[in-house]
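Asks: Below is a structure I'd like to ask you about.
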Amino acid sequence: MGKTYLIGEYSEKYLKKLKGEERYGTTGVLLGQATPSKTYIIFAARTPLKDEAELPPDNPDEMNASDIEWMAEHARQVSRMLPGGILVLGIFLIRPAKMSKEEAQDIFRKLTNAVESAVAKERLWNFAEDEPPERIVLQIYADSKKMKLRIFDIHNPQTPPKLIDYKSSSLTSAWQLVEATINVDIHIPVAATAENQLEKNSLKGLNVWAKQMMQSNYLIGGYYKDAESIIGEGSKKEDTSGNPISDISS
């Protein structure tokens, strides 16, 4: 059975709204959750314009290195504000009608690599073995109602992107929210000659702490749970016979 890709109705309507406003060349990041069996795209965040009076470039040739850097910086800042379990899954582009397939492939690869590099620079953990090594590109065509989803293998960036099917979803299933308070007291030695590399050295120290955290065991509600176990129950529903059933979210 293949993997399922779901895009929330809110995000889909928002992207079609941007297309309806003829904001061709508009870019942004896709946020959501990825599992080995399903990927959920729950939010699309448009890249802010450098100047609010400015329009996004209609021609891909006008998207220069500073535009790509600007988008990558936006993705980096967004990723720092996300709660645990929600990731920057990829990018979207309102594709101009005159953009050729070759131009599209080139700009998608540049944007995807730039965004992934910016986000990964501050990532404190390594990819888990079962974490999908992919990033998504969603393109919305200017001259049709089509939206196409492609995935890039971030471990093999030169591999051609793969076209995949997706499904629209209301994404009404509740995500379980787990809250915890962590007191962090870390001593990070920094050489006196490396004062101008304080951020770099701090990240090295935090990486050691992050690895220790990932190797730790946690109690939820005072109980230890396996990684694949269900955290809690969702809302109660009734079947056709009137008997209550549980809507379980894992």
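Asks: Label point 7 Å out from R123 along Cα-to-Cβ: which residues of the stretch 85-99 have amide N under 19 Å?
Replies: Answer for the stretch 85-99: 85-92.
Asks: Would you please put 84-90, 10-16, 184-190 in order of how densely packed they are, using the mean number of other Cβ atoms within 10 angstrom per residue and starting with the highest?
Replies: Result, highest mean Cβ count within 10 Å first: 84-90, 10-16, 184-190.
Asks: Estimate the FRET efficiency between W209 and S100 by the formula 1/(1 + (r/R0)^6), using the beta-carbon distance for r and 51 Å for R0, to the nearest 0.05.
Replies: 0.60
Asks: Something else: Given labels modelled 7 Å from the Cα in the Cβ direction, how far is it in nm from R109 to I186?
Replies: In this crude spin-label approximation the distance works out to 3.5 nm.
Asks: Oh, and also: Pop out the ³J(HN,Hα) list for the stretch 215-224 in order, Karplus 6.51 cos²θ - 1.76 cosθ + 1.60 with θ = phi - 60°, rounded to Hz; leave Gly and Pro as x.
Replies: In residue order, the calculated couplings are 8, 8, 9, 10, 9, 10, x, x, 10, 7 Hz.
Asks: Can you list residues whose amide H is under 5 Å from I154's amide H, if they're 5+ apart or on another chain and H is modeled 1.01 Å from N?
Replies: E134, R135
Asks: Also: In nm, to one decimal, how far is the K13 label point from the Q158 one, both placed 7 Å along Cα→Cβ?
Replies: Inter-label distance under the simple model: 4.5 nm.
Asks: To the nearest 0.05, what FRET efficiency results for T4 and M81 with a Förster distance of 35 Å applied to their C-beta separation?
Replies: About 0.80, to the nearest 0.05.
Readers should treat all values here as calculations from the given coordinates under stated rules, not as data from a laboratory. Since the structure is predicted, the reported quantities are computational estimates derived from the model, not experimental observations. Using ideal geometry, Cβ is built from the backbone for each residue, glycine included, and neighbour counts are taken over all protein chains shown.
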